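The structure under discussion appears below in the form of structure tokens.
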Amino acid sequence: MAAIEGVYVAAITPRRPANGEIDLGATLDLIDFLGSSKVQGIVLFGSTGEFLHFEVEERQRLIPLVVKRSRVPVIVNVSHSTLDGSVRLALAARRAGAEAVLLMPPYFFRYEQEEIKHFYRAFSQELDGSIPILLYNIPEFTNPLSVETAVELLLSGAFAGIKDSSGRFEDFRRIQSCTCGRGLSYLVGNDLIFPEARAEGASGVVSGVACAAPELMLALDRAVAASDSRKERLARRLQEFLSWIDSFPTPVGVKEAVALRGIKTGPHATPPSPAMQKKLSEFRDWFPGWLAEVKKDAAF
């Protein structure tokens, strides 16, 4: 397959207030909003999408509905704590016509790199080349993929690329240098390093920020590609937003911003403390003015 490129949105998953289940109507509204923004694609059930809060069956039910509704390609994160769970989700994504699947190492329990490599090989054998597989490195939340493990798996020919959320620019360079020219996708999973990594050859980004402000990430991507001087101003806007949302648990800030754009998001997974509620109130006051400035900066 051709390399996956551009701005892919790490979508939140709206939840119903009464029972915490997925809010289908709000989810489809979000998919429509993101598609109309002209992003290159959407990632469903990533970390920003809080996949671990939902049962496999609930995830399986939503996948075909989102793929059918979306105007742009959909990548599905099929990560699970077990191989069987990941395979079941990947088969659902394949049946639905997803562009690719995203897979992190099994989470919660600790595994050595040899066990992680064995897990990925077993998964790829189960799928037997029927859908592209992207490695997903997010060491903040689960077992890390070392650079050596990632390179070994990517060079095996069984994987289409990697989404790396480590935020380590030196890891990007090392993986890029070892896999260059093989048609693999390197998707940045940490918004902060995206401008620099994109300028040095990253295929694109899977961005939580883009769920709240797709205008910013699309404009930043264009500015980097064109070596436009506005890149620095847009990068500062990105840093301003990240300084806010990084003070909240993932993905609380993004969900609040999406709600301010008129899309229902439902309750947070855990109720905010009084101190966080105060900070969220300050964020809600700040965001509309920031977004207005972003739209001006992005208009080119």
* Asked: Is it true that some residue in the range 97-112 is charged (D, E, K, R) and in contact (Cβ under 8 Å) with a residue 60 or more places away in the chain?
  -> yes
* Of A223, A257, A210, which residue is in contact with a strand residue (DSSP E or B) (Cβ under 7 Å, 6 or more places away or on another chain), among the aliphatic types (A, V, I, L, M) and in a helix (DSSP H, G or I)? -> A210
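Given the structure, is T270 within 18 Å of the chain's Cα centre (by Cα) and over 29 Å from A197 (Cα atoms)? So that I can check it myself, show each step before the final result.
Details: within 18 Å of the chain's Cα centre (by Cα): no; over 29 Å from A197 (Cα atoms): yes.
No; evaluated as a whole, the condition is false for this residue.
Go through the range 8-53 and give me each residue that's among the small types (G, A, S), at pLDDT 95 or above and assigned to a loop (DSSP other than H, G, I, E, B). Lay out the reasoning, then the answer.
Filtering the range 8-53 for residues among the small types (G, A, S) gives 10-11, 18, 20, 25-26, 35-37, 41, 46-47, 49.
Next cut, at pLDDT 95 or above only: 10-11, 25-26, 35-37, 41, 46-47, 49.
Those that are among the small types (G, A, S), at pLDDT 95 or above and assigned to a loop (DSSP other than H, G, I, E, B): A11, S37, G46, S47, G49.
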* Is it the case that some residue within the range 84-102 is surrounded by 15 or more Cβ atoms within 10 Å (Cβ to Cβ), at pLDDT 95 or above, under 13 Å from the mean Cα position of the chain (by Cα) and assigned to a loop (DSSP other than H, G, I, E, B)? -> no
* To do: Select, from G208, G262, G204, G189, the only residue that is over 30 Å from S156 (Cβ atoms) and either among the charged types (D, E, K, R) or at pLDDT 95 or above (or both).
  => G262
* Asked: What do you reckon, is K279 under 16 Å from the mean Cα position of the chain (by Cα), at pLDDT 95 or above and either assigned to a helix (DSSP H, G or I) or more than 16 Å from C211 (Cα to Cα) (or both)?
  -> no
* **the range 204-248: number of residues that are of a type outside the set (A, V, I, L, M, F, W, C) and within 14 Å of the chain's Cα centre (by Cα)** => 4
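The values are calculated or read from the model by the stated rules, or taken from the named source; none is laboratory data. Because the structure is a prediction, the values reported are computed rather than measured. As a convention, Cβ positions derive from the backbone with ideal geometry for all residues, glycine included, and neighbour counts pool all protein chains shown.
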